[in-house]
Structure formats: C-alpha cells, structure tokens
Amino acid sequence: MPRSRKAPCELLSALFCFSSVFLFASLGAAANAQPAGALCSGTIRVGLRKDAPPFSYRIARDMVPDDPRLDCGHSDGGLLEGYAGYTVALCRAYLSQLRSGCPSGTPEVTVVPVPVGDRYAGLAADDPPFDILCGATTATVTLGASVPHSPYTFLTSTSALVNARFSEGQQQSCRVGVVTGTTSAPGMQDRVSRPRRLETWEVFTGRNPSCREDSLDRAREFRSTADAILALKETGAGGIDVLIDDHHILTWYWQNLDHLAGSIRLPDDLAARYTALERQDGQEGAWSISAFRDTLQLIPAAISIEPYAVLGPPRSAALIADFSRFLTAEQLDRDSHYTQLLRRCFGRQVDRTFWFLMDFQSKVRDGNPLDLAPN
C-alpha cells in the first residue's frame, strides 16, 4: 500500500515506534534456539477468540459472504475451519506454510476456543491449554517481558461508543462498560499506579463532567462486546452510557450491527436478545435494530494505545519465533498475502504509524546471537 495514504488517526510518535521495535527485536531474537524442523511433529493448539471481529471470531452458517468487512479471513475448510478474522487468516497462512515445508509428516492443528477473560491465565498456566494465541491480544510492556510474542501484527487504540442519552446530554451519569479480561477493564496490573491513558481521556472527561471521578475504575464488566452494546440500550440499573473497547472492534460492531446475527456465531442466549431487538417495534419482519444503531455514536479519539501481537506460553518460544520470521517476511513483501489481507480487512483504517513500524520491524535482521556464543 502506498506510504502516502493517510489514516484517520495517528497513535504513536516515531520515538515510541523505534523504542518498541528494538524491544521486540531483542526479545524475539533470544526466544528461539531450535530449528523449524522441530515443529514438524506433534500437535499445535491454536487459541482463538469467538467474538473479536475483525481479528478473530467464529462465523455463522448464514454469514453474508459478499461483504469484505464480514468476510475478513474467512475459510470454508482446512486449517482453523469455522473461524474468520485478520489474525486468524495470518496464523492460518503461517501454519499452512509450516506444514508444507515439513520434510516428513506435518503437525496436527487443532482449535482451542479461548474466552477473552481466560487468555492471560492460559499464558501463565503450568499446563497451558494452547500453544499459540491468534486473537486480539495487546502486547503490554509487562506481558511482552513475560511470554514469547511476535512483532506487532496491528496497531489500534481504545475508543468509546456512547448512546444518544449520553451524547445529547440527557444522561447526568457516566456509567462505563468494559469487556472482562481486556486491557480496558479495571484491575489490570498497569492500572494500579498510573493508568497510561492519552490526553484525549482528559479532554473527554472535560467535556463530560460526570465522567471525571474515576469512571473507568468503577466500570461494569461484560463478557463480550456484543453483550455490552445491548447494555447501551438499557435505562435501568443494568444499563451503561459509555462502552470502552478496542477501536477497530467497536468500529466493526457499530458498522455491522444490522448483520451481526448473520455474520458471527453468538451464544444462544445473546443471539436471542438480538433477535428480540429486531422485532421490538411489534411489526412482523420489521428491523428495529437499525434504529438502535442510529442512536449510537462512535467517539474515535484514542484513549490508550493497543499494539497487537501473537503470543504463546513460555514453552512455545520456538513456535512464536518461527511465526515471527514468517510475519516479518510477509511485511517486507509489498505484494504479499499480508498486505492484501490488511486492505481487505481494514481498508483505509490503518494508522500510518503502523505502516512505518511494519517497514522498520520487517528489516530487523533474523538470527539468534546466542548461537554465536562459544561452547
């Protein structure tokens, strides 16, 4: 994609990019001392999220296939069948390449659904349930120093989705919702002392005085973005006014709310609540969900920085290092599957800082300096 293409928002300074990529390069170089051939046997368990479009989600049977926003990284069969998304497609391409390059036999590949709230416990477990996590996981500073991880696969931010009561000043409270287990949720380790929010949160609270008193720290937690969006409609004690989540996930839900039931396989109880919303106006076959969508407003201002990466538990260092080689080779090739995937999944909604970062980290040399150490 041409470097002159502008993005809707710019998240990071060049200094942050340089320092981050050197951190990733140093950790990634030390992660692997095994050849790729050691990965050609056994089973690779791939952890995937069911409800984080456009990155990782489980597709519905009646998914609309002709809309690229709903068909990002979709596969009718083969590896990671039944799942779609940008990171899913990226891991599918890597695993296909790995299997094709194995001289004798190929590793089996199985899918492990990972609830959003269980990701970090799985990474730290003595007996991890997965070998590689291909979802929408933020590589925080602490996490990046604790477990093997790839260079950045994407760069997003946290943003806010608000309802009409809040945006029009009808609501005097600021009831904030977050998704359990995400870096937006309260209780994360890097929120204990000084939460690393950007200045835009202070601007947001300045315009909305009811949000000034630690609203994020008192936020209500939900099991998924889809579940939290319904709470924006509620007027009672169970309702919220502001939903904080990763920008591209919020954007996907907001843009595709009308097609949600046909594109992502929601839990039965949650799907039933959306179905009831479709019939809310009492007219048979009428869709009131469109009217609900019109009452929501996406606030694109970045509240925090969320760089995504593919991660694994400590014992998966060789696998993550091999994926990292694949990723940086794809990022270096401007006509690669990777660049086409970015265009199909995000169009122009790619921060231009990420293009810079992609250029930079794709040119970091491969190789493990530990191999040069004297015996």
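The values are calculated or read from the model by the stated rules, or taken from the named source; none is laboratory data. Just so you know, these numbers come straight off a predicted model, no measurement behind them. Neighbour counts run over all protein chains shown; Cβ positions are idealised from the backbone, glycine included. For accessibility, only protein heavy atoms count, side chains too; no ligands or nucleic acids. Shrake-Rupley method; radii C 1.70, N 1.55, O 1.52, S 1.80 Å.
Observations, loosely collected:
- Among the residues of region 78-128, the one identified as in contact with a Pro (Cβ under 9 Å, 6 or more places away or on another chain), open to solvent by 40 Å² or more (accessible area, probe 1.4 Å) and under 19 Å from Phe323 (Cα atoms) is Arg99.
- Residue check, Arg165 assigned to a loop (DSSP other than H, G, I, E, B) and either surrounded by fewer than 24 Cβ atoms within 10 Å (Cβ to Cβ) or at pLDDT below 85 (or both): no
- Of all the numbered requirements in (1) of a type outside the set (Ser, Thr, Tyr); (2) open to solvent by 70 Å² or more (accessible area, probe 1.4 Å); (3) modelled with pLDDT of 80 or more, Glu213 misses one, and that requirement is (3).
- Criterion violated by Arg334 - all others in (1) in contact with a helix residue (DSSP H, G or I) (Cβ under 9 Å, 6 or more places away or on another chain); (2) more than 25 Å from Ala160 (Cβ to Cβ); (3) not in a helix (DSSP H, G or I) satisfied: (1)
- Enumeration of residues in region 335-358 that are touching a residue at least 24 places away in the same chain (Cβ under 8 Å) and either more than 21 Å from the chain's Cα centre (by Cα) or more than 28 Å from Ala302 (Cα to Cα) (or both): His337
- With respect to being touching a Ser or Thr at 6+ places or on another chain (Cβ under 6 Å) and touching a residue at least 60 places away in the same chain (Cβ under 8 Å), Ala301 fits the description.
- Per-region count, region 319-375, residues open to solvent by 70 Å² or more (accessible area, probe 1.4 Å) and at positive phi: 0
A quick yes/no check of all residues on (1) in contact with a Ser or Thr (Cβ under 9 Å, 6 or more places away or on another chain); (2) part of a loop (DSSP other than H, G, I, E, B); (3) over 28 Å from Thr353 (Cβ atoms):
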{"residue": "Cys72", "(1), (2), (3)": "no, yes, no"}
{"residue": "Gly78", "(1), (2), (3)": "yes, yes, yes"}
{"residue": "Glu81", "(1), (2), (3)": "yes, yes, yes"}
{"residue": "Ala89", "(1), (2), (3)": "yes, no, no"}
{"residue": "Thr110", "(1), (2), (3)": "yes, no, yes"}
{"residue": "Gly122", "(1), (2), (3)": "no, no, yes"}
{"residue": "Asp127", "(1), (2), (3)": "no, yes, yes"}
{"residue": "Gly135", "(1), (2), (3)": "yes, yes, no"}
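- Meets criteria (part of a helix (DSSP H, G or I) and at pLDDT 90 or above) for Gly117: no
- Test result for Asp246, within 18 Å of the chain's Cα centre (by Cα) and either within 30 Å of Ala139 (Cβ to Cβ) or at pLDDT below 90 (or both): yes
- Within region 256-267, residues that are surrounded by 19 or more Cβ atoms within 10 Å (Cβ to Cβ) have Cβ atoms under 7 Å from residues that are at pLDDT below 75 in these pairs: Asn256/Arg69; Asn256/Leu70; Ser263/Met63; Ser263/Val64; Ser263/Leu70, counting only partners at least 6 apart in sequence or on another chain.
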